[in-house]
Amino acid sequence: MVAVAKQTYAQRATRHPNPAAKALLETIERKRTNLSVSVDVTKREDFFRIVDIVGPYVCLVKTHIDIIEDFDPSAIERLKALSEKHDFLIFEDRKFADIGNTVALQYSAGVHKIASWSHSTNAHPVPGPSIISGLKAVGLPLGRGLLLLAEMSTKGSLATGSYTEEAVRMARANRDFVIGFIAQQRMDSVGLREGESSPDEDFLILTPGVGLDTRGDSMGQQYRTPREVVIESNCDVIIVGRGVYGNDNGTNAEAVRAQAERYRAEGWKAYQERVGISD
């Protein structure tokens, strides 16, 4: 079997059992982009302006819907309309971290009703397998996918070593719903006990902390280039935030558009080099 990292997104899409993962891989291939933009702003109009500008360049828009101060349910319909207009999927970066019953309610109910519109979401594995069970009960019937936070890009993160290994084991026990990881590297050999061989699996690796112009910020974020992430660490999707829309909430549309295309091109070029294909 050819290693997952050497397979094309299209090849992987034909084999993936989860509809959310399959749709993401197909979108990446169709649009020739492995870029996700994390739109972390607090006002609706800033949010939708950025999403509308970057939409053509991304496979996935990452949201933190609970930081939008003037949120109302109509915002979801508007986001879904932009998703269809620009052909991207939605990833609500909720980072669930509670017992199964609680996360099931947080996922399905409340003001945001995340499961009804977000193709994928994520969770900390710290509560144990029950967090997957709770989210799966809601998301699997809807064709959603879950990402586990196996590693983080902040300095001093505790998500390392045995914690990461247990996250991978939990994912392997729930491959119908857990589609991959937020991580800094491919997880194929992580969590295997002595004598175990690497299983035939395809977990997507989505990687934050990607930047072309800086190596970190004042709050502990650490940045790597698309080439480092995609080629050296064999990750699948690069997640970029302020590197695309800056610190002025994307008011300069042409600058945002140029940066989105810059990151899209760098990420795609790195992927092509990794799998050995060219235009």
Residue selected from the range 239-275 under the condition at pLDDT below 95 and open to solvent by 40 Å² or more (accessible area, probe 1.4 Å), by the criterion nearest to the chain's Cα centre (by Cα): Arg242
Of the residues in the range 213-238, those that are within 19 Å of the chain's Cα centre (by Cα) and either open to solvent by 10 Å² or more (accessible area, probe 1.4 Å) or modelled with pLDDT under 95 (or both) come to Gln221, Gln222, Tyr223, Arg224, Thr225, Arg227, Glu228, Ile231, Glu232, Ser233, Asn234
State whether one or more residues within the range 28-46 are farther than 26 Å from Val178 by Cα and of a type in the set (A, V, I, L, M, F, W, C). yes
Residues in the range 150-166 that are crowded, with 23+ Cβ neighbours inside 10 Å and part of a strand (DSSP E or B) total 0
From the set of residues in the range 7-45 that are modelled with pLDDT of 95 or more and of a type in the set (Lys, Arg), which is nearest to the chain's Cα centre (by Cα)? Lys22
Per-region count, the range 118-134, residues closer than 24 Å to Thr207 by Cβ and in contact with a helix residue (DSSP H, G or I) (Cβ under 7 Å, 6 or more places away or on another chain): 7
If I go through the range 232-274 residue by residue, how many of them are among the acidic types (Asp, Glu) and within 18 Å of Val51 (Cβ to Cβ)? 3
Which listed residue is modelled with pLDDT under 95, surrounded by 11 or more Cβ atoms within 10 Å (Cβ to Cβ), part of a helix (DSSP H, G or I) and among the basic types (Lys, Arg), from Arg169, Arg186: Arg169
Could you tell me whether the range 137-145 includes any residue that is charged (D, E, K, R), assigned to a loop (DSSP other than H, G, I, E, B), at pLDDT 95 or above and under 19 Å from Phe47 (Cβ atoms)? no
Failed item, numbered, when Asp98 is tested on (1) open to solvent by less than 30 Å² (accessible area, probe 1.4 Å); (2) assigned to a loop (DSSP other than H, G, I, E, B): (1)
State whether one or more residues within the range 99-108 are under 21 Å from Val240 (Cα atoms) and modelled with pLDDT of 95 or more. no
Take the conditions touching a Pro at 6+ places or on another chain (Cβ under 7 Å) and more than 27 Å from Trp268 (Cβ to Cβ) and apply them to Ala75. Does it pass? no
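The values are calculated or read from the model by the stated rules, or taken from the named source; none is laboratory data. The shown structure was predicted, so the numbers you read here are calculated from the model rather than taken from an experiment. Virtual Cβ from ideal backbone geometry, glycine too; neighbours counted across all protein chains shown. These area figures cover heavy atoms from the full protein model, side chains too; ligands, DNA and RNA do not enter into them. Shrake-Rupley method; radii C 1.70, N 1.55, O 1.52, S 1.80 Å.
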